[in-house]
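Structure, as structure tokens:
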Amino acid sequence: MKNIGSDRHDDTWYEQRIDYLSQFILPERFDTFRRVLDMRTRRITICTENTFHPQNASALIRTCEAFGIQEVHTVEAVCRFNPNVRIVRGSDKWIDIHSHPSTTDALERFRAAGYRIVATTPHGKGDTPESLDLSSPIALIFGTEHAGVSPEVIAAADTFVRIPMCGFVESLNVSASAAILLHVLTHRLRTSDIEWHLGESDRYRILFRWLMTSIRDSERILEKMEL
């Protein structure tokens with residue numbers, strides 16, 4: 001599984017700057033960063049197609065951050081993915097959000113990075129969160145609030161996943177569905193023998209970004225660093 005993205009610096013570059021910046025943050029805060037990183041994964045990622053309700057967009061971001069999902073993808077061919085800042089409450093700065101101009105672009109990126117395409121559906125076919133195969137990285141695709149996933153996603157999907165319902169309601173909204181699926185799937189992943197942690201290089205890059213975001217005048221501070 002490849003990390004979607006690129007970087008021009010090596011691990012030593014990041015390690016030196018992390019060590020320097022850590023002097024300007026409380027030790028307890030720095031320990032929290034490292035503890036949270038220990039629980040982060042790219043083994044599962046999500047992609048949402050044309051989510052137009054800011055409340056749902058915000059809830060998706062907070063849900064992914066809460067369950068340790070480092071990477072979120074959005075398709076914005078029809079409308080912008082526009083979280084409400086009062087709801088998301090800064091949780092978007094801790095994860096990687098990638099925007100795609102089309103579903104085709106997103107699917108191609110997932111294939112290139114080694115993900116299986118898992119389309120979410122309220123209908124009877126497909127796996128449940130308890131039975132979905134996690135032996136390879138998966139990209140969970142969520143559709144619009146009313147129409148569901150697009151025909152393109154249905155055609156490209158390697159498999160489908162559904163949340164069994166017991167009442168008259170046939171489906172849940174996008175944010176509620178994501179919360180249920182990620183709760184079950186991340187628990188299964190972390191209690192399995194599958195290697196789901198972030199790689200060392202990835203951890204350096206994320207930790208550096210978190211420090212830069214959290215420390216006031218971080219860029220000015222780095223300018224004074226002696227190498």
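Could we say that L222 is in a helix (DSSP H, G or I) and at pLDDT 95 or above here? Here the answer is no, as L222 does not meet what is asked.
Scanning the stretch 185-219 for residues that are among the hydroxyl-bearing types (S, T, Y), assigned to a helix (DSSP H, G or I) and within 14 Å of R43 (Cβ to Cβ) yields a count of 1. Within the stretch 195-227, being more than 18 Å from the chain's Cα centre (by Cα) and more than 15 Å from Q16 (Cα to Cα) holds for T213, S214, I215, R216, D217, R220. On inspection, F168 does not qualify as in a strand (DSSP E or B) and closer than 27 Å to T48 by Cβ. The criterion of at least 3 residues that are at pLDDT below 95 and under 11 Å from the mean Cα position of the chain (by Cα) is met by the following helices (runs of 4 or more DSSP H) wholly inside the stretch 1-117: 54-66. Of all residues in the stretch 133-160, which are out of contact with any helix residue (DSSP H, G or I) (no Cβ under 7 Å at 6 or more places or on another chain) and of a type in the set (A, V, I, L, M, F, W, C)? Residues satisfying the conditions are I138, A147, V149, I154, A155, A157, F160. State whether one or more residues within the stretch 123-143 are under 12 Å from T48 (Cβ atoms), aromatic (F, W, Y) and modelled with pLDDT under 95. Scanning the stretch 123-143 turns up at least one residue that is under 12 Å from T48 (Cβ atoms), aromatic (F, W, Y) and modelled with pLDDT under 95.
The values are calculated or read from the model by the stated rules, or taken from the named source; none is laboratory data. This is a predicted model, so every value here is computed, not measured. Heads up, the Cβs are rebuilt from the backbone with ideal geometry, glycines too, and the neighbour counts pull from every protein chain shown.
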